[in-house]
1. Looking only at segment 237-266, which residues are aromatic (Phe, Trp, Tyr) and assigned to a strand (DSSP E or B)?
2. Go through the residues of segment 216-232 one by one and say whether even a single one is open to solvent by less than 20 Å² (accessible area, probe 1.4 Å), of a type in the set (A, V, I, L, M) and not in a helix (DSSP H, G or I).
3. Under 8 Å between Cβ atoms, which residue pairs at least 6 apart in sequence (or on different chains) link something in segment 141-163 that is aromatic (Phe, Trp, Tyr) with a partner that is in a strand (DSSP E or B) and surrounded by 15 or more Cβ atoms within 10 Å (Cβ to Cβ)?
4. Evaluate the following for Gly137: is it of a type outside the set (Val, Ile, Thr), crowded, with 21+ Cβ neighbours inside 10 Å and modelled with pLDDT of 95 or more?
5. If you go through segment 172-192 one residue at a time, do you hit one that is of a type in the set (Gly, Ala, Ser) and touching a residue at least 40 places away in the same chain (Cβ under 8 Å)?
6. Within segment 69-88, is there a residue that is among the small types (Gly, Ala, Ser) and either at pLDDT below 95 or open to solvent by 80 Å² or more (accessible area, probe 1.4 Å) (or both)?
7. Within segment 78-88, does at least one residue satisfy the condition of being of a type outside the set (Ser, Thr, Tyr) and closer than 22 Å to Thr218 by Cα?
8. Filter segment 187-198 for residues that are open to solvent by less than 50 Å² (accessible area, probe 1.4 Å) and in a helix (DSSP H, G or I) and give the result.
Amino acid sequence: MVEPVLSRLKKYLIANKTKHYPYPAYDVSLAGNIHLHLVGSIHMASKNMFPLPQTLINKLNQCDALIVEADITDTVPPLTNNPDIPCPPVKQRLSPSLYLKFKHYCQEIKLHYEQLDALAAWQIALFLQANQAQSLGLFPQYGIDYQLLQVAQQQQKPIIELEGAASQIELLMNLPNNGQSLLEDTLTYWRSNARSLQIMLSWWINFKPELNLKLPRTFRDDVYQLLMQERNLLWCQKLKKLSAGHYVVAVGALHLYGDNNLANLFKRQID
């Protein structure tokens, strides 16, 4: 009885939370001598988050490869519409109350809402989210994953993609109803998303990340499952198949938050 339990514990030694970092991170050791430093990245960040903490730079210096969701320094495929799905004016795609919010938030971030009529719902959602972040003083060149990629390239460090930009765009293009739920959630949880961004920024700026701090809701359950939980499961399986070595793994901070975060998934898969 004891022997099988011990062998299972040897198979996965998960999420060493006893070590604290001045940014959101977990250390995870897997079977096959695979060691992961999971980092909660913020894709658009503020100028005072440059440069990266020296602790993280040291981790990158010592690792065998950097793992990211997608290499955003590479050529990104264009965000094209699915030609088989029509895009009527936004006014026809939203309830009256959400359309009022849409116009108000466009004005808030200084966007001409008429120019978004030709876009798919998921494209409008991403466009609004990116511009909201920019209005809060966040920019992609200060994003954690972008900075990590820059350092890794300077060191000629191998870079491994969990998905790649093309796969991410394909996922968005295949969202039900052209991503209508994502657009509606972007408008419904507009203020919550801003608060969530500020909390995640504090995880980096305050040097004492509180990953147990409750984040505001920013997605309905089915969207959260598709964009967070299902991808976490796929990444978990991919990371378990790595060659032996030490890896810095940068994923969006939300992927390390909540019950079904990436680190917790490794815990649950002890078998």
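The values are calculated or read from the model by the stated rules, or taken from the named source; none is laboratory data. Everything quoted here is computed from the prediction, not taken from an experiment. Heads up, the Cβs are rebuilt from the backbone with ideal geometry, glycines too, and the neighbour counts pull from every protein chain shown. The accessibility values were calculated without ligands, DNA or RNA, using every heavy atom of the protein model including side chains. Shrake-Rupley method; radii C 1.70, N 1.55, O 1.52, S 1.80 Å.
1. To start, the set of residues in segment 237-266 that are aromatic (Phe, Trp, Tyr) comprises 247, 257, 266.
Within segment 237-266, Tyr247 is the sole residue that qualifies.
2. no
3. Here the result reads Tyr142/Ala45, each pair linking segment 141-163 to a residue that is in a strand (DSSP E or B) and surrounded by 15 or more Cβ atoms within 10 Å (Cβ to Cβ).
4. Working: of a type outside the set (Val, Ile, Thr): yes; crowded, with 21+ Cβ neighbours inside 10 Å: no; modelled with pLDDT of 95 or more: yes.
Judged against the criteria, Gly137 is not a match.
5. yes
6. Initially, segment 69-88 is screened for residues among the small types (Gly, Ala, Ser), giving 70.
Next, only the ones that are either at pLDDT below 95 or open to solvent by 80 Å² or more (accessible area, probe 1.4 Å) (or both) stay: none.
No, segment 69-88 has no match at all.
7. No, that holds for no residue.
8. Narrowing segment 187-198 to residues open to solvent by less than 50 Å² (accessible area, probe 1.4 Å): 187, 189-190, 192-194, 196-197.
Once the filter is applied, which keeps residues that are open to solvent by less than 50 Å² (accessible area, probe 1.4 Å) and in a helix (DSSP H, G or I), segment 187-198 yields Leu187, Trp190, Ser192, Asn193, Ala194, Ser196, Leu197.
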